[in-house]
Amino acid sequence: NERTNEQTMIASGLVEVTTPYVLLSMMPLGLIALASYSMDLKLESPIIVGCFRTFVQLTLLGLVLRPIFVLGEESIWVVVAYALLMVVVTSVESTARSTYQFKGMFACVLTALLLNVTVVSFFAFGLIIRPKPVLWEPQYVIPIIGMLLGNCINGVSLSLNAMLTSLVEGKTEVDLLLSFGGTSMEASSRLLREAVRTGAMPMLNSMAVIGIIYIPGMMTGQILGGSSVMTAARYQMLIMYLIAMCTFGTILTETFLVVRIGFDFSKDMLRTERFTKRQERRSFLDVLVDIGRSVFRWCSSSIRRQGNRNGVTVVVPINSEADRILTFDVESYVVAPKGELRIHTMQSPDKKTCVLLKASQLKYSFPILSSDERRVLFQNLSFTVSAGEIVLVGGPSGVGKSQLLRLIAGLVPLEEDVDLSLKGERPTKMALWRQQIRYVTQSKIDIPGTPREFVRRVTSFRSWQHHHQESSYVPPVDEMIQSCRELLQTWGLEATFLDKNWSVLSGGEAQRMIVAIALASRPTVLLLDEATNALDLDTKIRVERSVQHYATTFGIGVLWITHDTEQVQRMSTQSYQ
């Protein structure tokens, strides 16, 4: 067989590459791995393992494919089993390098790959190629499915990592959009688009330069195998279109599944606790270095023991921090904050008004580390907020003030046996609930785009259109922009700040901007979480007067967290029980 293969290669003009030359081709990659280790790039382990796996896997592939080709012509199940094995391995590799992970991530990627590879395979082999004598001819099916999966894995890995990282680290942006009445899909739409673009970009780049900058692998193989150049080119076009179809379809399916897992769609709530950060793997060279140090310590201790027996004292210096082993006993605990959450009125209307927000027996708790116990921040909390009323939420840090506002805004789940209502209606459709309750976070707003673009985006949400249809007053975009201009000018900012990117605004400028947008949106209830803590005294007073004016004029109920005792003295009128 080897002589026959050699004669065939000579006849076709192919140059034989022997195993020693293949091993020789790995040596430059070993130098790159050493450079990676010295620069702390953390790439040495993937390089070394990748070289080893490439050699072993392709060697085994050459041994396995021949009997599979023979058996596959007789039974479709041999081809299906091998294709399924390739899909499973691709799913494992696609999920192995993301920064974050979640339960069921492998099943999510496997489902996306199986669905799209199956659809593309039926399209390719049943409609386009139609191999003979059987449609499942392994000589066509296995290599082409392998090319589909091999090119999918890069895009799937990139989009998966981008989507997970965006949801976890971009939680502030998502919560901001949710607090303005966005649904799960509306709040995550930009992140989803960016993840899809990230995964699709390598494929688009390849399609843009194919045939100009490089000759792809399949075309090269067919030319070396004796096919005509035009036949090889047409096959390569077909394969590129199939790869693009499979890659884009898998990326779209996968990212939508991740969004479904990351959000509680029944409450339109982002659940980042479902994602955990992946533990960093130790590199292969790190393991080798540790083994070397262990051998060195063992030899040193052996020399010391031998020297002590001979009456000689041997001193081994400690040359690096890695040779010092320090052990700490760490006790994990949760410190309960001292004090209690307090609620009292800062401003009441002159005449009796309707109750807007009613809360009864509110409570909030969270699990303590890895135990089954829960830490209670507050419980049995009851209060009301009427139209035109400003109510203070006070207390020391850690008693749950911000969590109270987030709970009312529907950004954290309500516990059982609590009563929360807005104008007598309980929160059922959370997007509609949040469109009427505006939560302003104490964190600096740092999202892509400008405030004007943000206003146009939130006013396009379905919850805002619903209130227009229900004849509830929702200010149109132009009126909101005009109100923002007037408020900003009152607070010492020019109207041109509406067209500046959020990222270039200072903390105080961004805080005034988001408060202005919140007031201009005319919510039923406004939730302010230390909304003036980044402002000077004069600007604080101006913002306070504007909030008081809007509350009185438009009947807005305000729930305001503040640690500023002077602010409390300026605005307080009476205690609230």
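Data for the structure
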read-out	value
Cα-Cα over 23 Å, subset of K103/K171; K103/K363; K423/K540; K103/K267; K171/K401; K267/K358	K103/K363; K423/K540
Amide hydrogen neighbours beyond the local backbone of L43, cut-off 5 Å, H modeled	none
Anisotropy class of the range 453-577 from Cα gyration tensor, a/c 1.5 cut	oblate
For Q435, net neighbour charge (Lys/Arg +1, Asp/Glu -1) across residues whose Cβ lies under 10 Å away	+4
5 angstrom amide H check on V558, placed H, neighbours 5+ away	E389, I390, V391, L526
Listed peptides 479-490, 69-80, 138-149, 245-256 by packing density, highest first (mean Cβ within 10 Å)	245-256, 138-149, 479-490, 69-80
Heavy-atom SASA rank of Y37, Y439 (probe 1.4 Å, accessible area, largest first)	Y37, Y439
Radius 11 Å from Cβ of T172, net charge of other residues (Lys, Arg +1; Asp, Glu -1)	-2
Accessible area per residue in Å² at 1.4 Å probe, computed on the range 483-577	41
Cβ-defined net charge surrounding I129, 12 Å radius [Lys, Arg +1; Asp, Glu -1]	+2
Estimated FRET transfer efficiency (F55, R193; beta-carbon r; R0 30 Å; 0.05)	0.15
Computed FRET value (nearest 0.05) for T428 with L204, which takes r as the C-beta separation and R₀ as 35 Å	0.25
Theoretical FRET efficiency, 1/(1+(r/R0)^6), r = Cβ-Cβ of V355 and K277, R0 41 Å, to 0.05	0.40
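The values are calculated or read from the model by the stated rules, or taken from the named source; none is laboratory data. As the structure is a computational prediction, the values presented were derived from the model and not from experiment. Note: ideal-geometry Cβ built from the backbone for every residue, glycine included; neighbour counts use all protein chains shown. All accessible areas refer to the heavy atoms of the entire protein, side chains included, with ligands and DNA or RNA removed. Shrake-Rupley method; radii C 1.70, N 1.55, O 1.52, S 1.80 Å.
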